[in-house]
Structures are given as structure tokens and as C-alpha cells.
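Student: What follows is a single structure, and I will ask about it in a moment.
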Amino acid sequence: MRPETIAADPSVPNGAPTLAAGAAALPAEGTRPVLGRPGTRTASPSASARVWPGLALAMAGSIAFSGKAIIVKLAYRYGVDAVTLIAYRMLFALPLFAVLAWWAGRGNVRLRQRDWAVVTGLGFSGYYLASFLDFAGLAYITASLERLILYLNPTFVLAIGALVFKRKVTGRQIVALAVSYCGVLLVFGHEVSFPGTSTALGAGLVFASALSYAAYLVASGEEVRRIGALRLTGLATSVACLFCIAQFIVLRPMLALAVAPQVIWLSVLNATLCTFAPVLMVMMAIERVGASVAAQTGMIGPLSTILMSVIILGEPFTGWIVAGTVLVLAGIWLLAKWR
């Protein structure tokens, strides 16, 4: 596995560009694979005929992913906690991802016992733990800061590659990392000054979420090559859904399911529009424009989160947020350019 290639993230929790393990998680550029059937390719149509639909899909997927934080913050206004909220989200998402896993697995290799063990571990790290930590962190920080932290995902994958696989980190990459983290520190330092907040706790939880998902990306390369990205996403997310539901059963009484109707509808919206639909849109975009273009288009994600947080949540829009966002986007762009 070579955690060096920037690729768009077809995942549930984050929706930021990621350093995909070995780039095997995504189709090669200039080809049009059949979703769910790894290794099967058809002739590529004219690039100009599919670039705009592909860009539109990539942008729509990135914006839809970004809406997750907004929905979570809205749901918290009705007194629900992270354990209950994520259980509802995954309860509604489970049938969709189970069908996706079945559809993507038609005619493909039969899963072995080892595959199920790997999928379970990946689902725990990449989708259950990362999602829960993210939801928990959003109770303490703004949606804007949460999105900027998650957008640092490629830097975590780069660090894991250097520490675990002894990959060399160049001076240019260190500069790119420094630029990105300066951006997050600007916004973080501004939010720490808010009275009555637990910004450090929230930021720590979201950082842990990004680290958990980065570990998933690095570890998933071999399994992606064996069973395919879309099938793995469906299976791992289904496993994560079961973990989240089981967590609620263990930690909360059934009476905790009695929440405001708005929480139910927000959870349905989160499971469909901000979880399942973006996975399909990003994968369809990669088919049409390739992984690199889809990843760079994903830069619209943090911008859309900030815009929605200001308009919908009434969060403050300051020069600190503008400067921090510019630095994070610039750093990730440089990391992609200098990889």
C-alpha cells in the first residue's frame, strides 16, 4: 500500500479529499469502470462530453457531505445527544448501504472469513468510530471549525504512511502541512476565546475522528483491490450502522428513542441526502472526470459548510474564519501538487 495519492473521498463521515491507500480505492483516470465490478472497464467516451456532468456530481456530492455538520448542529437544538442522534442516522442509512453492498457484490468474489473480519475492523474504525467522534465533537465547536479539521485528513494519512510504512516526507510536504495547520490554529484560537465553550474538547474529538478515518484509508487498500471500493463502502458502512445501533442499546434506555419529530426528519435527511446520496454522486463523478479532478472539486466542501453555517445556524463569519479557510485549502492544494 502506498498512501501517497490524493483522491476524492466516497465516504460517510468526512467528504474531504484524502490520501487514498495505494489509490486502489478509486478508478484510474481516463477509464470508466463498472461500479461494483473491480477490474471491469469499458471504453471511455469523449472527455469533453462528460466533464461537466462529472464536475456537477462532484460538487453536489461535496456540498451534500458538508451539510451533515449543519444537520447535526440543528438536531442538537432539540436536546438529543450524540449516541441517540447517530443511532437514528445509521438506522435509516442501514437499508440503503445493505442494498448497495448487495448490488456492488453481484457476480464478484465470494467473501471469505478473513474478508468479513477485515470489513468489520474497517467499519469500526472508518465509519463507526470516526462518525461518532465527529458527532460528539460537533456539540462543542462550530460547523466551520469541524469541517476545516476534517479537511486535514490527507495530512493524517501522510503521517501514518511516514510512521508506519517509513515513507519519506519531503520538505515541500512539510511546508504544505504547516500552512494547513496554521489555518486550523487561526480558527481554533478564535473559538477558544468564546465564553462558556469547550473548544479544546470538541476539536480533540474531531481530530480523533479524522485520525480514525485516516487509519481506515491506509488499511483498506488491499481489501479494496480484492472486493472493490463501492462494495467495501457498502459493507463497512453497514457494519458501522450495526455498531451505532448496538451502542445505543447498551448505553441508553429505549425511552431515549422518544425524541422531537424534528430530530427524526433531520436524521432521515442526514442518512439520505448527506450520507448515502453523496457516496453515489462522488463515485459517479470519479467515473466521468477521474479521481484527481473530483478531489480538487471537493475543495468546495469547506466553503459550503461555512456558508450554510452562517445562513442556517447563524454562526459568526469573521476574518479569522476566512484566513483560516484560505490557509487550509492552500495547504491541501500544495500537498496534492507536491505529492
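Student: Hey, any hits in the range 227-237 for a residue that's over 19 Å from the mean Cα position of the chain (by Cα), open to solvent by 10 Å² or more (accessible area, probe 1.4 Å) and charged (D, E, K, R)?
Tutor: The answer is no; no qualifying residue exists.
Student: Given Pro261, Pro278, Pro302, which one is open to solvent by 20 Å² or more (accessible area, probe 1.4 Å) and either on the phi < 0 side of the Ramachandran plot or of a type in the set (D, E, K, R) (or both)?
Tutor: Details: Pro278 fails: open to solvent by 20 Å² or more (accessible area, probe 1.4 Å); Pro302 fails: open to solvent by 20 Å² or more (accessible area, probe 1.4 Å).
Only one candidate qualifies: Pro261.
Student: In the range 261-339, which helices (runs of 4 or more DSSP H) lie fully inside it and hold 1 or more residues that are among the aromatic types (Phe, Trp, Tyr)?
Tutor: Values: elements: 261-271, 277-289, 291-297, 300-308, 319-337.
Counting at least 1 such residues, we get 261-271, 319-337.
Student: Another question, then. Looking at this structure, is Val119 more than 21 Å from Leu313 (Cα to Cα), at pLDDT 90 or above, among the β-branched types (Val, Ile, Thr) and assigned to a helix (DSSP H, G or I)?
Tutor: yes
Student: Let me ask something else about it. If you go through the range 171-209, how many residues are more than 21 Å from Lys337 (Cβ to Cβ), among the hydrophobic types (A, V, I, L, M, F, W, C) and either within 15 Å of the chain's Cα centre (by Cα) or modelled with pLDDT of 80 or more (or both)?
Tutor: 11
Student: To continue, here is another question. Any idea which of (1) surrounded by fewer than 19 Cβ atoms within 10 Å (Cβ to Cβ); (2) within 22 Å of Leu329 (Cα to Cα) is the one Gly221 doesn't satisfy?
Tutor: Exception for Gly221: condition (2).
The values are calculated or read from the model by the stated rules, or taken from the named source; none is laboratory data. Since the model is a prediction, treat every value here as computed from it, not as a measurement. Heads up, the Cβs are rebuilt from the backbone with ideal geometry, glycines too, and the neighbour counts pull from every protein chain shown. When the accessible area is computed, the model is the full protein with side chains, heavy atoms only, and any ligands, DNA or RNA have been set aside. Shrake-Rupley method; radii C 1.70, N 1.55, O 1.52, S 1.80 Å.
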